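For reference, the structure discussed in these notes is given below.
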Amino acid sequence: MAGIRVTKVDWQRLRNGAAHHTQEYPCPELVVRRGQSFSLTLELSRDLDCEETLIFTVETGPRASEALHTKAVFQTSELDGGEGWTAAKEAQMENTLTVRLTSPPSAVIGRYVLSIRLSSHRKHSNRRLGEFVLLFNPWCAEDDVFLASEEERQEYVLNDSGIIFRGVEKHIRAQGWNYGQFEEDILKICLSILDRSPGHQDNPATDVSCRHDPIYVTRVISAMVNSNNDQGVVQGQWRGRYGGGTSPLHWRGSVAILQKWFKGRHKPVKYGQCWVFAGVMCTVLRCLGIATRVVSNFNSAHDTDQNLSVDKYVDFFGRTLEDLTEDSMWNFHVWNESWFARQDLGPSYNGWQVLDATPQEESKGVFRCGPASVTAIREGDIHLAHDGPFVFAEVNADYITWLWHEDESRERVYSDTKKIGRCISTKAVGSDSRVDITGLYKYPEGSRKERQVYSKAVKRLFSLEASGRRTQIRRAGRRCLWHDDLLEPATKPSITGKFKVLEPPMLGHDLKLALCLANLTSRSQWVRVNLSGATILYTRKPVAEILHESHTIRLGPKEEKRIPIAISYSKYKEDLTEDKKILLAAMCLVTKGEKLLVEKDITLEDFITIKVLGPAVVGVAVTVEVTVVNPILERVKDCALMVEGSGLLQGQLSIDVPTLEPQERTSVQFDITPSKSGPRQLQVDLVSPHFPDIKGFVIIHVATAK
């Protein structure tokens, strides 16, 4: 600038960071949120004349333009306010000027370049002041991502650790996860994920211009967290073999995954399963400023043909026929919810939106899912964008079991319509408790309203007319299902059955259970019971059979009987997956041709405890004691503790564990030096080549040094 120049820029990182809740980002550039003012102080080579004003230019993305809202030119005024970007003089002392810049609450998010020129020097080029990053703003009432509760903003935007619920419906386990959105380079990596998307590669200027919209941004991230259509972050693997990569259960957080993807020049990281995809997406969206949480759905349907039912084909031992069964019911499935307004659907559908980065089915040719309004799912409005039928089926599909005969005929076996979508769970705000949010997704199971919504969803999906016109769908085994059949449950049999665990199912121990059968009639009945058992993945895909036996019993009038079941450790140890899950099935054939299938999913339990031996203070070493037990009846060596925790230690820590005798208990101590105050999550896993990882975590409340 002729006659005047900017000699120094103070971005006021501390002041702006505190006001914008961005002080935790360790970036060299300023990080602020849209729709909110931020200040910077300029040192000038001379005082401004009274008639002189500063003209600012902000630009983001390639070929930035005002038409695309990726560029704005605006000048200082004495007053705040106005649409678009504004600048107001905050203070002026001699040649030092403090200005307050404000972005619109609908501004494009991303990395901006800020430049300046003097109003009296129109022919001179802009002077580049530097870069800053603009994020979504859940604290701004005019932002589509606004969230009114401060407690929820602290949890869903600023909390850098969390809990993911896994296991089975009757035995839900909590697993710690380090989101780490404020760790080194994570913000830069999250922005680069947007830039690596196919939409950006094809038309970068248009792609950047759409980044004002949380619907667009979350849909892009949903596709980019998996690697199926692009150079996305995580490669999925559900076969139980993880050669050339890391088992999904070995990950303790998102930071190592994102850093590996970035440093590896965007080569997908091997391997992930649903909770890994959800954990990574939670990191990315919280980092970008969108309130996001991780949600676990137990007995989660994967409805491949979108007929709102899960159709399972079994043999006379209750074993799943993999070549016929296209649909599946996973023990659990994990996805995300993000909070924002649905300008495309209307205010009734604002709030939590389902997003799922696990590559299950394509959405408009790309492996992604959502955002689907949780309200729309509950009300059966599955025709609304995006991917409503798939999400509705995950939580509310009917579960239909078919017995397949050798002549390729099939017969419907009694199954429970309440089976799908149980104990939908997320971490509580401000605590480690589990909150059941099933009621947000559907009305009470079996209620009239719930069945009405289901019927409404079926009619929306298949466009059934009032005349009762029926449509067919091709199904597995080249059979057709009438849609009317989906609404009519199978006849209840005259007996009931239930598996009962007689002793806690511990990893490394024999399993002892009983099948309890009850005759509901006043007449005697003979029952043929075919029992099977298999080690399984959490998707319920069988790995190896470990039980196969038959019994014939007589049940007197109203009589109950037990069939004892024992499975030795030697039977399952070689084929147990890292999921530590076993599925038992009993096909009960009653004299009058009735059939009942009874199933039981078992997760084997393990043991680890973590104690902090003293107060935790920033910058002061504190001792942690971890107690573990060798779960098996064999001597084991080569065990280690893998330790991770944002704000507690840098990166990951590996600690050798001494050789353990059969079922020996031992304690290992190590020191950590916290670097950040507040509640911090420390994860500790016992890793061994002889048994699946044993995972634990503890929340440590770190005080600020006095």
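For region 50-106, a residue qualifies if it is open to solvent by 70 Å² or more (accessible area, probe 1.4 Å), of a type in the set (D, E) and over 30 Å from F146 (Cβ atoms), and the qualifying residues are E51, E94. A single entry from E625, E578, E594, E599 fulfils the requirement of being in contact with a Phe, Trp or Tyr (Cβ under 9 Å, 6 or more places away or on another chain) and in the same structural domain as F670 (by the TED database): E625.
Of the residues making up region 224-256, those that are crowded, with 24+ Cβ neighbours inside 10 Å and either outside any loop (DSSP other than H, G, I, E, B) or in the same structural domain as A544 (by the TED database) (or both) are M224, N226, V234, G253, V255.
Considering only region 577-593, I want to know if a residue exists there that is touching a Lys or Arg at 6+ places or on another chain (Cβ under 8 Å), at pLDDT below 95, of a type in the set (D, E, K, R) and crowded, with 16+ Cβ neighbours inside 10 Å. No; the residues of region 577-593 include none that is touching a Lys or Arg at 6+ places or on another chain (Cβ under 8 Å), at pLDDT below 95, of a type in the set (D, E, K, R) and crowded, with 16+ Cβ neighbours inside 10 Å. Pick from region 136-172 the residues that are among the hydrophobic types (A, V, I, L, M, F, W, C) and part of a helix (DSSP H, G or I): which of them is surrounded by the fewest Cβ atoms within 10 Å (Cβ to Cβ)? It comes out as L158. If you filter region 397-456 down to residues that are more than 30 Å from W275 (Cα to Cα) and in a loop (DSSP other than H, G, I, E, B), you find that the one that is nearest to the chain's Cα centre (by Cα) is S447. Checked across region 32-39, the condition of being part of a loop (DSSP other than H, G, I, E, B), more than 20 Å from P138 (Cα to Cα) and not assigned by the TED database to the domain that holds P204 holds for no residue.
Screening I553 with (1) among the β-branched types (V, I, T); (2) open to solvent by 10 Å² or more (accessible area, probe 1.4 Å); (3) under 26 Å from A174 (Cα atoms) gives one miss only, at (3).
Count, please, the residues in region 287-321 that happen to be open to solvent by less than 10 Å² (accessible area, probe 1.4 Å) and not in a strand (DSSP E or B). Adding up the residues that qualify gives 9.
Take A72 and decide whether it is of a type in the set (A, V, I, L, M, F, W, C), closer than 21 Å to C210 by Cα and touching a residue at least 12 places away in the same chain (Cβ under 8 Å). Spelling it out, A72 is indeed of a type in the set (A, V, I, L, M, F, W, C), closer than 21 Å to C210 by Cα and touching a residue at least 12 places away in the same chain (Cβ under 8 Å).
For Q669, state whether it is outside any loop (DSSP other than H, G, I, E, B) and loosely packed, with under 14 Cβ neighbours inside 10 Å. It is true that Q669 is outside any loop (DSSP other than H, G, I, E, B) and loosely packed, with under 14 Cβ neighbours inside 10 Å. Give the residues of region 655-664 that are surrounded by 12 or more Cβ atoms within 10 Å (Cβ to Cβ) and outside any loop (DSSP other than H, G, I, E, B), sorted by residue number. Within region 655-664, I655, V657, L660 qualify. If you take the residues in region 381-396 that are in a loop (DSSP other than H, G, I, E, B) and open to solvent by 10 Å² or more (accessible area, probe 1.4 Å), which one is nearest to V310 (Cα to Cα)? Restricting to residues being in a loop (DSSP other than H, G, I, E, B) and open to solvent by 10 Å² or more (accessible area, probe 1.4 Å), the top hit is D387. A search for C-beta distances below 8 Å between a residue of region 537-558 that is touching a residue at least 12 places away in the same chain (Cβ under 8 Å) and any residue that is among the acidic types (D, E) and surrounded by fewer than 13 Cβ atoms within 10 Å (Cβ to Cβ), counting only pairs 6+ apart in sequence or on different chains, returns K541/E322; P542/E322; A544/E574. The single condition among (1) open to solvent by less than 10 Å² (accessible area, probe 1.4 Å); (2) assigned to a strand (DSSP E or B); (3) in contact with a helix residue (DSSP H, G or I) (Cβ under 9 Å, 6 or more places away or on another chain) that A376 does not satisfy is (2). Condition check for S415 on (1) open to solvent by 30 Å² or more (accessible area, probe 1.4 Å); (2) modelled with pLDDT under 90: one failure, at (1).
When D185, D195, D213, D202 are checked against the criterion of being open to solvent by 10 Å² or more (accessible area, probe 1.4 Å), assigned by the TED database to the domain that holds E337 and on the phi > 0 side of the Ramachandran plot, D185 stands alone in meeting it.
Just one of (1) part of a loop (DSSP other than H, G, I, E, B); (2) more than 16 Å from N16 (Cα to Cα) fails for R117. It is (1). Within the span defined as region 336-359, one or more residues are surrounded by 24 or more Cβ atoms within 10 Å (Cβ to Cβ), assigned to a loop (DSSP other than H, G, I, E, B), polar (S, T, N, Q) and touching a strand residue (DSSP E or B) at 6+ places or on another chain (Cβ under 8 Å).
The values are calculated or read from the model by the stated rules, or taken from the named source; none is laboratory data. Since this is a predicted model, take the numbers as computed values, not measurements. All Cβ positions, even for glycine, are placed from backbone atoms using ideal geometry, and neighbour counts span all protein chains on display. Note: accessible area is taken over every heavy atom of the protein model, side chains too, but ligands, DNA and RNA are not part of it. Shrake-Rupley method; radii C 1.70, N 1.55, O 1.52, S 1.80 Å.
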